[in-house]
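Next up is a structure, given as structure tokens.
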Amino acid sequence: MSGAVEIAGVGLHRFGRFDGTSVVDLGLVAVRAALADAGLRRGGFQAAYCGTVYSGVAAGHKVLTALGLTGVPIVNVEAGCASGAAALDLGVGAIRSGRYDCVLVFGMEKMPAGIIRSSFFEPWREEAGLAVTPAYFALRAQRLMRESGVTREMLADVSVKNHRNGVHNPDAMFRKEFSVEQVLSSALVCDPLTLFMMCSPNEGAAAVVLRRGGRGGVEIAASALRSHLPGSVLGEHTPLSGLIDDTAPPPTSLAARAAFEEAGLGPGDLDLCEVQDTDSARELNSYEELGLCGVGEAGPYYAAGHTQMGGALPVNASGGLLSKGEPLGASALGGIVELYRQLRGEAGARQVDGARVGLAHTVGRGANASVVILKR
Amino acid sequence: MSASRPVRDGLFRDCGDGTARLLGARCADCARYHFPRAEVCPYCSCDSCSAADLGPRGRLWLYTAVLRPPPGYRGVVPFGFGVVDLEEGVRIVARLTEGDPARLRSGQPMLLVVEHLHDDDGTRVETYAFAAAEEG
């Protein structure tokens, strides 16, 4: 198929906390693993795209400098939580356009613990107490409880589900099961969200080598990146105001529609999804925004068990960000690496049997949302 | 009496009667209101917006509370955080003076007020916030 793009290899530095290790060191591990997996240990890619948010000037260049693989164009990409997906989107587009045959895409991050202090917020918003991202998450959670049949127990159970899955992921930060009661009784962050319903910003790296398709590998069936439309007050662009009469579709829905159209597939064709679970409510929101269920149906859809392992459409078999943590530049590519392994039947104890089509979703600051569909 | 300053100029106006107004604008083309005030409409990109004060009355839509000081914040916790729908068709994300969500309910009338954040070298730093209002 003309314009087809496939994955030649993947690599990961596990997500967690690694004192004394620089972000470049993390990136090196992921990039070397991906190049080795693709049979390109000493180069052969024609461009590189690096997603990262907090790594400073030309961070991607430092990784490739250390490997002696410079000279090709190297582009560092920042798009909040979707940075890695934005880098991937550029790489896919570059191959589709015919400009390159093989590109390296990677993402890496090293973040402090706790609420992220983001230069996104003007100083006065911090001073006024309005730079409080978890509170925006909590408002979305409350809306789901009011309009989508979601309960506090369900919010807790999403975390239970993802941690249960994460036990089987050696690359995850938290590999421990929790009960609904433990999640509900963990520290209250912003009502109704408790600490164990939130993911941890952390450290890690992921890399993917893309090449022109047609060699029988796992194919990028679609890659779509979208920003928000004006109107909503609950989006990741965390505005100060919006419209009561808000009919603007969220960026995730825009990206999902574009991706399904590009792939010629629909939600019913998916075998598994990796979706943004920055907090439990974000995962449930994503079900509706991606079209896995109808608007207002996230609660009953979750309660029916579809997204559990063994269900019709397992979501976050990797353990999600709730288990892995969220190194911003790397997290979206972490989802791609997971799908690649799942579609190749290499996911071990968390394998989704017979997986052929998977969707990876990220949404974050900007707002930016990405939806990538992989198939074999 | 100590001096006071808004947390940022151009956000709100203290009416002196216990209420405040947000300094917003209305687009001449799409007729929608926005806040904070800008020359270009954030909904339709038209560049002929005119100043309009917003508030003080609205109804609470969503709410939570912030329990620990977020980055860069020097005021007291807990404080309320929520979304209030104004009569002008604008939805405002703002602080709420009520820090206990159990004492709030969706749809309740709210009033825009000036709230004391903290003192900066003897100067009172103020912002806008919504307080629960009497039914009516």
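Checking the structure you have, find out if any residue of segment B:35-51 is away from chain A (no Cβ under 11 Å), under 25 Å from A:Arg140 (Cβ atoms) and surrounded by 23 or more Cβ atoms within 10 Å (Cβ to Cβ).
no
Enumerate the helices (runs of 4 or more DSSP H) found wholly within segment A:100-185, keeping only those where 3 or more residues are in contact (Cβ under 8 Å) with a residue 60 or more places away in the chain and either open to solvent by 60 Å² or more (accessible area, probe 1.4 Å) or under 30 Å from A:Gly291 (Cα atoms) (or both).
Answer list for segment A:100-185: A:133-147, A:152-166.
Kindly check whether there is at least one residue in segment B:18-27 that is within 10 Å of chain A (Cβ to nearest Cβ), open to solvent by less than 10 Å² (accessible area, probe 1.4 Å) and touching a helix residue (DSSP H, G or I) at 6+ places or on another chain (Cβ under 6 Å).
Scanning segment B:18-27, I find no residue that is within 10 Å of chain A (Cβ to nearest Cβ), open to solvent by less than 10 Å² (accessible area, probe 1.4 Å) and touching a helix residue (DSSP H, G or I) at 6+ places or on another chain (Cβ under 6 Å), so the answer is no.
Identify the single condition in (1) of a type outside the set (D, E, K, R); (2) within 12 Å of another protein chain (Cβ to nearest Cβ); (3) more than 22 Å from B:Phe12 (Cα to Cα); (4) surrounded by fewer than 19 Cβ atoms within 10 Å (Cβ to Cβ) that B:His116 does not satisfy, given that it satisfies every other one.
The single condition B:His116 does not satisfy is (3).
In segment A:248-267, is there at least one residue being within 30 Å of B:Gly10 (Cα to Cα) and among the hydroxyl-bearing types (Ser, Thr, Tyr)?
no
Oh, and also: Hey, does segment A:250-271 have a residue that's open to solvent by less than 20 Å² (accessible area, probe 1.4 Å), more than 21 Å from A:Ile220 (Cα to Cα) and not polar (S, T, N, Q)?
No - not one qualifying residue is present in segment A:250-271.
Sticking with this one: Can you spot a residue in segment B:97-112 that is under 21 Å from B:His34 (Cα atoms), facing chain A (nearest Cβ under 8 Å) and modelled with pLDDT of 95 or more?
Checked segment B:97-112: no residue is under 21 Å from B:His34 (Cα atoms), facing chain A (nearest Cβ under 8 Å) and modelled with pLDDT of 95 or more.
Shifting gears a bit: Being in contact with a His (Cβ under 8 Å, 6 or more places away or on another chain) and either touching a residue at least 60 places away in the same chain (Cβ under 8 Å) or within 9 Å of another protein chain (Cβ to nearest Cβ) (or both) narrows it down to one of B:Val66, B:Val125, B:Val77, so name that one.
Unique residue meeting the criteria: B:Val125.
Going through A:Arg125, A:Arg146, A:Arg140, A:Arg175 one at a time, which residue ends up being within 13 Å of chain B (Cβ to nearest Cβ) and in contact with a helix residue (DSSP H, G or I) (Cβ under 8 Å, 6 or more places away or on another chain)?
Just a single option satisfies the conditions, and that option is A:Arg140.
A further question on this structure: If you check A:Thr52 against the conditions, is it in contact with a helix residue (DSSP H, G or I) (Cβ under 8 Å, 6 or more places away or on another chain) and in contact (Cβ under 8 Å) with a residue 24 or more places away in the chain?
Criteria met by A:Thr52.
So which strands (runs of 3 or more DSSP E) are wholly in segment A:1-90 and hold at least 1 residues that are surrounded by fewer than 23 Cβ atoms within 10 Å (Cβ to Cβ) and of a type in the set (Gly, Ala, Ser)?
Correct list: A:5-16.
Right, next: Going through segment B:80-90 one residue at a time, which ones are more than 21 Å from B:Tyr43 (Cβ to Cβ) and either among the basic types (Lys, Arg) or more than 8 Å from every other protein chain (Cβ to nearest Cβ) (or both)?
Within segment B:80-90, B:Gly80 is the sole residue that qualifies.
The values are calculated or read from the model by the stated rules, or taken from the named source; none is laboratory data. For clarity, every value in this text was computed on a predicted model and none was experimentally measured. Methodologically, a virtual Cβ is constructed for each residue, glycine included, from the backbone with ideal geometry; neighbour enumeration extends over all protein chains shown. Surface areas here come from the heavy atoms of the whole protein model, side chains and all, with no ligands, DNA or RNA. Shrake-Rupley method; radii C 1.70, N 1.55, O 1.52, S 1.80 Å.
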